[in-house]
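Working notes, beginning with the structure itself.
The values are calculated or read from the model by the stated rules, or taken from the named source; none is laboratory data. Here the structure is a predicted model, which is why all the values come from computation and not from measurement. Neighbour counts are summed over all protein chains in view; Cβ atoms, including those assigned to glycine, are modelled from backbone coordinates with ideal geometry.
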Amino acid sequence: MDPLYAALEQYYGYSSFLPFQEEIVRDILRKKDVLAVLATGGGKSLCYQLPALVTGGLAVVVSPLISLMKDQVDALVTQGVPAATLNSSLPYDAMVRTLADLEAGRLRLLYVSPERVVQPRFLATLREAGVTLVAVDEAHCISEWGHQFRPEYRQLSVLKENFPDVPMIALTATAIPEVRQDIVRQLNLADPAVYVGSFNRENLQYAVAGKKDAYPQLIDYLRSNPDRSGIIYFSSKKRTEEIAERLRDDGIRALPYHADLPDNYRHRVQEQFIRDEIDVVCATNAFGMGIDKPDVRFVIHYDMPRSLEAYAQETGRAGRDGEASDCILFYSPGDRRKNLIALENDCLDRPDLYSLTVRKLNDMIAFCETVRCRREHLLRYFGETFTGVPCGACDICLVPGEFIDGREIAEKIVTCIAGLPGTFGVTHIADLLAGSKNSKILARGHQNLPSYNSGREYSSDQWSSFIRQLIATGYLDQSSGRYPVVTVNERSRAILSGDENVRLASPKESRARGGMKDRD
Ligand code: ADP
Ligand code: ZN
């Protein structure tokens with residue numbers, strides 16, 4: 001029997017590999033550097049654990065979270081693998097024991113924090129210990145393009161200098177090209193083999209629901225799924241506590257989780273969730289990394305995340321056991337404004353990051369406003385072509401909304417934008433079409449433009465929705481920046497020729513579309 005398969009069976013009890021695992025492990029055994037971009041649940045840990053097990057060498061694993069390291073090490077030790085972690089939370093005698101094990105060559109896997117692994121004395125110890133593989137987990141933390149930048153990851157460039165002949169593997173679930181390039185460059189990976197797995201999570205069902213009446217919709221959902229547990233994400237710490245309390249009053253076993261709660265409280269929430277003693281965690285995005293609960297049946301976003309990376313990662317925590325699970329997002333068109341203001345504050349000392357984060361926000365909104373398959377949209381964002389539309393597991397494919405022939409509407413919008421003396425945002429254009437008499441229109445004399453009031457059959461809000469749908473489907477462009485403006489492009493010109501078959505969600509349907517319906 002192939003020793004690789006024998007080890008797979010012996011240590012893990014599996015008889016086959018998940019996609020790319022085998023290729024990655026064989027590359028590492030050939031001392032090749034690897035960049036592995038695999039979705040959450042894709043089986044990344046095995047990629048660096050197995051090589052250490054079959055060669056009897058020592059793999060050093062850099063990991064950002066103490067809890068994450070602890071869980072992995074506990075699991076390995078249970079399987080009889082000599083594994084250990086070194087981090088600041090360790091008692092002195094445990095640390096001494098681990099260092100002794102390390103020096104005596106007794107360890108196969110050593111998990112360390114990025115801060116520790118770059119200390120010169122520790123690097124010297126590692127060189128002595130004969131490292132055979134360096135693995136950098138959650139490698140997107142090295143990149144400012146990602147959504148979880150950790151400055152201490154930047155120092156990891158010293159790893160390659162210290163271990164020039166040791167293969168290095170970087171692992172992440174973040175697929176955008178900029179992040180990939182950053183990882184390769186910052187870690188100095190030598191001509192790495194790059195593996196990008198599919199990000200399609202077939203067992204996840206996606207839905208976007210209107211934010212109006214979010215709470216009643218939420219409670220409805222929870223009541224009709226009484227035996228399921230899941231995570232509800234909020235953007236505000238305060239709201240996690242408020243809604244958790246309200247849910248408890250309504251008989252749901254829910255607890256809050258955010259960064260300002262005491263360590264021991266957070267730890268307890270996590271444990272209770274994993275042991276099914278509570279059903280719902282109302283959390284900020286501080287919750288999740290390293291929570292290994294395979295049967296999370298739903299992830300609900302009470303507030304929209306700020307990027308599709310964050311959305312994919314957070315929803316990715318649902319259904320890791322492969323069973324059908326729900327991802328529901330509450331969205332209101334007003335979210336854009338709220339987020340822009342918050343982003344502006346966050347970027348005060350990093351103005352260079354502002355336009356990038358706004359672009360990501362716009363991409364997130366386009367996902368909420370799309371009238372096509374959400375799965376296809378999400379995968380396309382991550383550079384993957386999905387050919388299975390209708391996917392059968394998103395709100396749009398399941399309950400196709402009512403569509404109208406949007407040719408005439410699109411034509412009015414494009415004509416209006418093309419005839420504007422300058423560039424303007426969605427709301428202004430919508431106001432113009434609807435014939436609003438607001439001060440911004442009057443101050444500019446826009447009530448005298450030919451397009452003014454040409455769309456009086458719809459309200460300003462409805463026009464805004466149409467314009468956003470055209471942006472989402474690429475018929476119009478929208479700039480990033482504090483005041484994004486809408487402009488025409490090649491595809492908008494095609495609209496004027498009347499050949500494009502533009503479909504638009506019918507106005508009453510365009511915001512919320514029964515995403516909370518039961519699967520059957
Ligand atoms: P990731 O770190 O990419 O999110 P994990 O390493 O936690 O993924 O693995 C996800 C799940 O897949 C785990 O429950 C793991 O035991 C399982 N798994 C990993 N490799 C295999 C395999 N070859 N066959 C079956 N299950 C696997
Ligand atoms: Zn779909």
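Observations on the model:
- Flag for PHE403 being within 16 Å of ligand 2 (Cβ to nearest atom), aromatic (Phe, Trp, Tyr) and closer than 22 Å to ASN200 by Cα: no
- For the stretch 31-44, taking the residues that are under 18 Å from PHE163 (Cβ atoms) and not β-branched (Val, Ile, Thr), the one that is farthest from ligand 2 (Cβ to nearest atom) is identified as LYS31.
- Residues in the stretch 372-387 that are surrounded by fewer than 19 Cβ atoms within 10 Å (Cβ to Cβ) and without any contact (Cβ under 8 Å) to a residue 60 or more places away in the chain were compared, and the one that is farthest from ligand 2 (Cβ to nearest atom) is THR385.
- Checking each residue in the stretch 432-451 for being over 18 Å from ALA410 (Cβ atoms) and not basic (Lys, Arg) picks out GLY435, SER436, ASN438, SER439, ILE441, LEU442, ALA443, GLY445, HIS446, GLN447, ASN448, LEU449.
- For the stretch 410-424, a residue qualifies if it is without any contact (Cβ under 8 Å) to a residue 40 or more places away in the chain and surrounded by 21 or more Cβ atoms within 10 Å (Cβ to Cβ), and exactly one does: CYS416.
- All of ASP499, ASP461 fail the test of being acidic (Asp, Glu), under 32 Å from the mean Cα position of the chain (by Cα) and surrounded by fewer than 21 Cβ atoms within 10 Å (Cβ to Cβ), apart from ASP461.
- Within the stretch 223-235, the residues that satisfy the criterion of being at pLDDT 95 or above and not in a loop (DSSP other than H, G, I, E, B) are GLY230, ILE231, ILE232, TYR233.
Here's the yes/no breakdown for (1) assigned to a loop (DSSP other than H, G, I, E, B); (2) surrounded by 14 or more Cβ atoms within 10 Å (Cβ to Cβ); (3) within 16 Å of ligand 2 (Cβ to nearest atom); (4) modelled with pLDDT of 95 or more:
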{"position": "LEU46", "(1), (2), (3), (4)": "no, yes, no, yes"}
{"position": "PRO51", "(1), (2), (3), (4)": "no, yes, no, yes"}
{"position": "VAL54", "(1), (2), (3), (4)": "no, yes, no, no"}
{"position": "LEU68", "(1), (2), (3), (4)": "no, yes, no, no"}
{"position": "ALA75", "(1), (2), (3), (4)": "no, yes, no, no"}
{"position": "ARG106", "(1), (2), (3), (4)": "yes, no, no, no"}
{"position": "ARG121", "(1), (2), (3), (4)": "no, no, no, no"}
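- Qualifying residues in the stretch 316-371 (those that are among the hydrophobic types (A, V, I, L, M, F, W, C), under 21 Å from ILE231 (Cα atoms) and part of a helix (DSSP H, G or I)) - the one nearest to ligand 2 (Cβ to nearest atom): PHE367
For every residue, the table says whether it meets (1) within 22 Å of the chain's Cα centre (by Cα); (2) more than 30 Å from GLU245 (Cβ to Cβ); (3) outside any loop (DSSP other than H, G, I, E, B).
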| residue | (1), (2), (3) |
| --- | --- |
| GLU152 | yes, yes, yes |
| GLN155 | no, yes, yes |
| ASP165 | no, yes, no |
| GLU202 | yes, yes, no |
| VAL208 | yes, no, yes |
| ILE219 | no, no, yes |
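- Selection from the stretch 442-469 of residues that are within 24 Å of ILE365 (Cβ to Cβ) and either of a type in the set (Val, Ile, Thr) or assigned to a helix (DSSP H, G or I) (or both): SER460, ASP461, GLN462, TRP463, SER464, SER465, PHE466, ILE467, ARG468, GLN469
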